[in-house]
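Heads up: the structure comes next, in structure tokens.
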Amino acid sequence: MINSEGIHTAPRGGALRRKRIQRFGFLGMTLATALTVTPILLIVAHIYSTGMPAISLPFLTEIPRDGMRAGGILPAIVGTFWLTLGTALVAVPLGVGAAIYLSEYASDNRWTRAIRVAIINLAGIPSVVYGLFGLGLFVLFLGFGTSLLAGSLTLAIMTIPVIISTAEEALRAVPNSFRVVSISLGATQWQTIRRIVLPQALPGILTGIILGLERAAGETAPILFTVAAFFLPRLPTSIFDASMALPYHLFVISTQVPGMPIKIQYGTAVVLLTFVLGMNIIATVIRSRARARRRW
Amino acid sequence: MVVPGQGADGLFKPEQVKLRIEHLSVAYSDGTESLRDINLSIPEKATTVLFGPAGGGKSTLLRTLNRLNDLADVVDCQGHVWLDDVDILSPKVDVIELRRRVGMVFARPVVLPLTIRENLTYGLELSGEQNRSRLDDAVERSLHNAALWEEVHDRLDEPASSLSGGQQQRLCLARSLALEPDIILLDEPTSGLDPISTGKVETSLSHLKQDYTIVLVPHSIQQAARTADFAAFFLGGELIEYAVGRQIFTNPRDQRTEDYVEGRFG
């Protein structure tokens with residue numbers, strides 16, 4: 001067709017049809033997004049509205065009393081804090097180190113490809129299997145007993161693959177031309193990594209670390225056999241102490257203790273959720289800040 | 001008399017030779033661009049142009065001269081490259097030190113994700129220079145030499161990526177100069193630049209050759225003719241002809257050089 005200005009245009013019917021398809025497409029994707037987000041918002045809203053009344057200073061700072069039906073949840077909060085910190089101390093250096101090796105030093109051969117496949121598979125192993133592995137290796141064989149140490153190491157093994165994959169991806173996203181230029185200016189490979197590659201990849205690496213730790217903080221199965229105490233109304237004093245932890249405590253008071261006030265169950269869920277969401281928000285802030293600051 | 005493939009004996013005095021390439025052969029694992037038995041002497045304080053169609057081996061030769069090819073997938077590298085009587089291909093050579101003496105400017109301007117000043121001091125700081133005033137001197141001197149000082153002297157602490165493409169490429173040149181190298185290698189440094197920026201780069205190069213040995217892969221035959229004191233024509237990994245610039249572009253000896261210079265093939 002040729003319009004009044006002599007410009008070729010598509011037949012009208014076709015344009016209308018394409019427009020309609022486009023509108024349907026958008027509608028479908030909007031619906032899909034809404035369907036994904038709505039349950040999350042509902043869960044969060046339900047837990048916070050039911051649990052917030054339980055949140056008080058004593059609830060956060062006192063030990064449980066009366067068979068956990070009263071008092072606070074401080075031992076569980078402290079336990080989860082130490083577990084997460086211990087996991088970070090082990091998993092971050094190992095995970096980031098392995099990612100640097102795989103991305104910057106290892107050549108692409110059958111061996112490194114096998115390592116990558118193994119890492120991806122490790123990330124898919126059910127967490128209860130990690131729990132059993134931790135029981136066998138750390139608690140029994142190495143004799144750490146049910147302890148913060150055994151729990152942290154078990155959670156670290158579970159977290160390391162997540163950190164390796166995300167950190168390696170972040171490192172690979174740094175343009176190779178930066179490396180070549182840096183080397184051409186007389187930098188060693190390590191200087192190049194330290195001064196150029198790592199700073200560029202840091203936001204991505206941090207995001208991966210936090211997302212991995214967040215998952216570790218919320219896991220129940222791996223700590224079930226390795227660290228968690230059913231009821232231990234005192235704070236851990238060494239890394240060889242068993243400890244309460246938020247996810248396991250939530251499991252216990254939700255299923256194992258008769259006559260448990262609902263308020264306390266939901267209050268515990270609020271604390272755990274806030275812990276995890278807080279880490280998530282930190283990760284998001286780091287990422288968006290870094291994106292705004294990016295210099296290429 | 002210049003014999004093809006036999007270097008440029010007689011083009012300049014032996015004591016002017018900065019780089020002497022002897023029987024250099026390079027092959028990549030994927031069988032792409034390679035070099036076969038190159039013999040070539042490059043004089044100090046002059047611009048030597050390596051030109052010819054793509055895939056002829058010019059970039060490979062440049063990347064061999066500061067051992068950047070170490071990063072590439074080279075399966076075979078034979079021969080010698082003498083820089084002031086040191087064979088830089090020898091495994092005993094300090095590659096880091098070599099790369100400080102032989103600077104490189106790439107086709108695409110790649111500024112490091114740092115400020116303008118940090119880009120310029122990067123190499124010096126890595127080599128251990130910490131003296132603030134010496135670093136500042138190097139920044140100013142190299143920016144002057146790359147004809148960039150006027151444009152950036154009041155914004156040295158801004159991200160280098162805020163510069164225009166032409167400015168970024170001159171920053172890359174200045175970054176090499178900051179290390180006070182003996183030799184500057186340039187691989188089609190103006191291929192992405194507008195004519196005005198290209199002119200600025202060429203002008204700085206024409207000043208720089210009074211103090212530095214410049215090896216340039218030009219992005220066009222016109223640029224080759226404008227800038228060359230000496231010119232080497234590469235075709236299919238071989239050195240076809242090496243002569244004084246004026247001569248090779250007006251009166252080439254080899255038929256293949258003539259065909260290329262007159263535009264019968266690209």
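Bear in mind that the values in this text are calculations on the coordinates, not laboratory data. The model shown is predicted, which means the values in this text are computed figures rather than measured ones. Ideal geometry is used to build each Cβ from the backbone, glycine not excepted, and the neighbour counts take in all protein chains shown.
Gap in Å between the Cα centre of segment B:160-235 and the Cα centre of segment A:173-248?
45
If the only charges are +1 at each Lys and Arg Cβ and -1 at each Asp and Glu Cβ, what is the size of the charge dipole of the protein assembly as shown around the Cα centre, to the nearest 20 debye?
2440
Please sort by residue number the GluC sites (Glu not before Pro) in segment B:205-266 whose DSSP state is loop and whose Cβ has at most 14 other Cβ atoms within 10 Å.
Sites meeting the loop and neighbour criteria: B:262.
Can you compute the helix-only [θ] at 222 nm over chain B? Use -39500 (n - 2.57) per DSSP H run of at least 4 residues, normalise by all residues, nearest 500 deg cm²/dmol.
Helix-only estimate at 222 nm: -10000 deg cm²/dmol.
Among DSSP beta bridges lying fully in chain B, give the percent that are antiparallel, nearest 5.
60
Tell me the volume per residue, in Å³, of the convex hull enclosing the alpha carbons of segment B:153-266.
127
How long, wide and thick is segment B:14-261, going by the Cα atoms along their three principal axes, in whole angstroms, largest first?
Cα spread of segment B:14-261 along its principal axes, largest to smallest: 52, 41, 38 Å.
By its C-alpha gyration tensor, with a ≥ b ≥ c as the square roots of the eigenvalues, how is segment B:95-171 shaped: rounded for a/c under 1.5, else prolate for a/b larger than b/c, else oblate?
oblate
In terms of the Cα gyration tensor, with a ≥ b ≥ c the square roots of its eigenvalues, is segment A:83-212 rounded because a/c is under 1.5, prolate because a/b exceeds b/c, or oblate?
Prolate shape, in that a/c is at least 1.5 and a/b is the bigger ratio.
On the principal axes of its Cα set, how long, how wide and how thick is chain A? Give whole Å, largest value first.
The Cα atoms of chain A stretch 87, 56, 34 Å along their principal axes.
Give me the percent of DSSP beta bridges within the protein assembly as shown that run antiparallel, rounded to the nearest 5.
Rounded to the nearest five, the antiparallel share is 60 percent.
Specify which residue in the list A:163, A:262, A:30 is farthest towards the positive end of the charge dipole of chain A, using unit charges on the beta carbon of Lys, Arg (+1) and Asp, Glu (-1), about the Cα centre.
A:30
Per 0.36 nm of contour for each residue apart, how much would the distance between residue A:55 and residue A:122 grow if the chain were fully extended, relative to their Cα-Cα spacing?
Full extension of this stretch gives 20.4 nm more.
Give the relative contact order (percent, whole number) for segment A:1-136; include only Cα pairs under 8 Å separated by 6+ residues.
7
Based on the inverse mean of 1/r over its pairs of different Cα atoms, what is the Kirkwood hydrodynamic radius of segment A:139-296, in Å?
Result for segment A:139-296, one decimal place: 18.3 Å.
What number, rounded to the nearest 500 deg cm²/dmol, is the helix-based mean residue ellipticity at 222 nm of chain A, given -39500 (n - 2.57) per DSSP H run of at least four residues and division by all its residues?
The per-residue figure over chain A is -22500 deg cm²/dmol.
As I understand it, the dipole of the protein assembly as shown uses +1 on the Cβ of Lys and Arg and -1 on the Cβ of Asp and Glu, about the Cα centre. Which of B:78, A:16, B:120 lies farthest toward its positive end?
A:16
Note down the relative contact order for segment A:139-296 as a percent, whole number, built from C-alpha pairs under 8 angstrom at least six residues apart.
Dividing the mean separation by the residue count of segment A:139-296 yields 30 percent.
Measure off 7 Å from each Cα along the Cα-to-Cβ vector at residue A:31 and residue A:44, then give the distance between these two points in nanometres to one decimal.
2.5
Roughly what would the spin-label model give for residue A:101 and residue B:162, points 7 Å off Cα along C-beta, in nm?
4.2
Assigning unit charges at the beta carbon (Lys, Arg +1; Asp, Glu -1) and nothing else, what dipole magnitude in debye, to the nearest 20, does chain B show about its Cα centre?
280
Assuming a ≥ b ≥ c are the square roots of the Cα gyration tensor eigenvalues, decide whether segment A:65-141 counts as rounded (a/c under 1.5), prolate (otherwise, with a/b larger than b/c) or oblate.
prolate
Go through segment B:89-100 residue by residue and turn each phi into a ³J(HN,Hα) via Karplus (6.51, -1.76, 1.60, θ = phi - 60°); whole Hz please, and just put x for glycine and proline.
Ordered by residue, 3J(HN,Hα) equals 8, 5, x, 7, 5, 6, 5, 4, 5, 4, 5, 6 Hz.
Kindly provide the Kirkwood hydrodynamic radius of the protein assembly as shown in Å, to one decimal, from all pairs of distinct alpha carbon atoms.
Over the protein assembly as shown, the inverse of the mean reciprocal pair distance is 28.7 Å.
On the first, second and third principal axes, largest extent first, how far apart are the outermost C-alpha atoms of segment B:1-138 in Å?
Principal-axis extents of the Cα atoms in segment B:1-138, largest first: 51, 39, 31 Å.
Using only the alpha-carbon atoms, how far is helix B:116-126 inclined from the longest principal axis of chain B? Give it as 0 to 90 degrees, nearest 10.
Helix B:116-126 sits at roughly 70 degrees to that axis.
Report the local net charge at residue B:199: Lys and Arg +1, Asp and Glu -1, summed over other residues whose C-beta lies under 14 Å from its C-beta.
Around residue B:199, the surrounding residues sum to +1.
Given the protein assembly as shown, what count of lysine pairs have C-alpha atoms under 28 Å apart, with each pair 8 or more places apart or on different chains?
For the protein assembly as shown, the number of qualifying lysine pairs is 16.
State to the nearest 20 debye the size of the charge dipole of chain A about its Cα centre, where the only charges are +1 on K and R beta carbons and -1 on D and E beta carbons.
Around 1380 debye, computed over chain A.
Could you give the nm distance between label points at residue A:65 and residue B:207, where each point is 7 Å from its Cα heading toward the beta carbon?
8.3
PRE reach from residue A:235 (point 7 Å along Cα→Cβ): which of segment A:37-69 fall under 19 Å by backbone N?
In segment A:37-69, the label zone of residue A:235 (backbone N under 19 Å from the point 7 Å along Cα→Cβ) covers A:56-65.
In segment A:207-249, how does Rg compare with the Kirkwood Rh, expressed as the Rg/Rh ratio over alpha carbon atoms?
Ratio of gyration radius to Kirkwood radius: 1.03.
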